[in-house]
Amino acid sequence: MEANRELARAGLLDDSLPNPGKPLRMLLAGLRDANLLPQNIRQIYGTWVIRLSTTIAKCPLVNQFQYC
């Protein structure tokens, strides 16, 4: 819930009162399409799920195919 305040301050929740957040959804969709989403953000059945940053892995994941 504390993230909502920061997202609103950044202008990502400004859209319409009954359906806020279109700018944020468009930003997340663009990152998803470019395969640049952080590992704690997922889209599940049309709903964006953002986990707490403390649940992110402490060490970065290594792409096993990066050297092929």
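If you check R42, R25, R51, R32 for being at pLDDT below 85 and surrounded by 12 or more Cβ atoms within 10 Å (Cβ to Cβ), only one passes: R51.
In this structure, L12 qualifies as surrounded by 14 or more Cβ atoms within 10 Å (Cβ to Cβ), part of a loop (DSSP other than H, G, I, E, B) and without any contact (Cβ under 8 Å) to a residue 60 or more places away in the chain.
The values are calculated or read from the model by the stated rules, or taken from the named source; none is laboratory data. Here the structure is a predicted model, which means the values were calculated and not measured. Cβ coordinates were reconstructed from backbone atoms using ideal geometry, including for glycine residues, and neighbour counts include every protein chain displayed.
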